[in-house]
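**Student:** The structure's right below; bear with me while I get my questions together.
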Amino acid sequence: MTVRLSYRHANIEDLSFLLKLRKLTMVEHLETAGMFSTEKQHLLRIKEFFNDSQIISLNDKPIGLLKLAMFDDHLHIRQFQILPKVQGKGVGSKVLEDVINRALKRNLSITLNVLLANPALELYLRSGFIITGQNELEYQMVLNHIHLDN
């Protein structure tokens, strides 16, 4: 399967898609972690750092969210969600490859946090991220630019 992805900045018209996406991809993992959110709380999380939000489209159809923060010394993946119906088809790996290429061009590391029980952890590990710490809810991970060059 050829994965042709595009990215665009999210706008207010995307809120219903983003709420549906968040519920489909996050509720189970949040509840496993003991976090139960109301619809209002989900919307607050979606709107947090909204300017960093990009809609991921596959063949011009929205299928996910990449919330990526750009700092002077690293990129930080704030949120990364893909609709379940397209998971396991190389889309997540392609998005991470695109983020890694952005980081390489700027000689930056990439950081992210992932819930302890989230199966996305395996995707991040396969992509070269390493666990640098953890708390009661999540792992902190990094992909250093030193490793990106190899």
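Read-outs: derived from the displayed coordinates by stated rules, not from any lab. Because the structure is a prediction, the values reported are computed rather than measured. So basically every Cβ, Gly included, is an ideal-geometry build from the backbone, and we count neighbours across all protein chains shown.
**Student:** Within 10 Å, count the other beta carbons around each residue, average over each peptide in 74-84, 102-112, and list them highest first. Before the final figure, lay out each step's value.
**Tutor:** Working: 74-84: 19.2, 102-112: 16.7.
Ranking the peptides 74-84, 102-112 by packing returns 74-84, 102-112.
**Student:** What is the fewest-to-most order of M70, M141 by other Cβ atoms lying within 10 Å of their Cβ? Spell out each step's value before the answer.
**Tutor:** Details: M70 12, M141 22.
Final ranking by Cβ density, sparse to dense: M70, M141.
**Student:** Follow-up question, since we're still on this one. Determine ³J(HN,Hα), in whole Hz, for all residues of region 27-42 in sequence, where each value follows from phi through the Karplus function 6.51 cos²θ - 1.76 cosθ + 1.60 and θ = phi - 60°; x replaces Gly and Pro.
**Tutor:** Per-residue couplings from phi come out as 3, 4, 6, 5, 5, 4, 7, x, 10, 10, 10, 7, 4, 4, 5, 4 Hz.
**Student:** Calculated FRET efficiency, R8 and I130, Cβ-Cβ r, R0 30 Å, to nearest 0.05? Before the final figure, lay out each step's value.
**Tutor:** Numbers: r = 31 Å, r/R0 = 1.03.
About 0.45, to the nearest 0.05.
**Student:** Within region 2-64, which chymotrypsin sites (Phe, Trp or Tyr not before Pro) sit in a loop by DSSP and count at most 11 neighbouring Cβ atoms inside 10 Å?
**Tutor:** Those that pass, being in a loop and sparsely packed, are F36.
**Student:** About its Cα centre, how strong a charge dipole does the chain have in debye, to the nearest 20, once Lys and Arg get +1 and Asp and Glu get -1 at the Cβ?
**Tutor:** Numbers: 18 positive and 16 negative charges, 101 e Å.
I would put it at about 480 debye.
**Student:** Strictly greater than 20 Å: what percent of every Cα pair in region 5-148 meets that?
**Tutor:** Values: 4836 of 10296 pairs.
Tail of P(r) above 20 Å: 47 percent of Cα pairs.
**Student:** How large is the charge dipole for region 1-65, taken about the Cα centre, if only the Cβ atoms of Lys, Arg (+1) and Asp, Glu (-1) carry charge, to the nearest 20 debye? Each step should come with its number before you reach the end.
**Tutor:** Working: 9 positive and 8 negative charges, 20 e Å.
That gives region 1-65 a dipole magnitude of about 100 debye.
**Student:** Given the C-alpha centroids of region 104-148 and region 39-54, what is the distance between them in whole angstrom?
**Tutor:** First find each Cα centre; the distance between them is then 21 Å.
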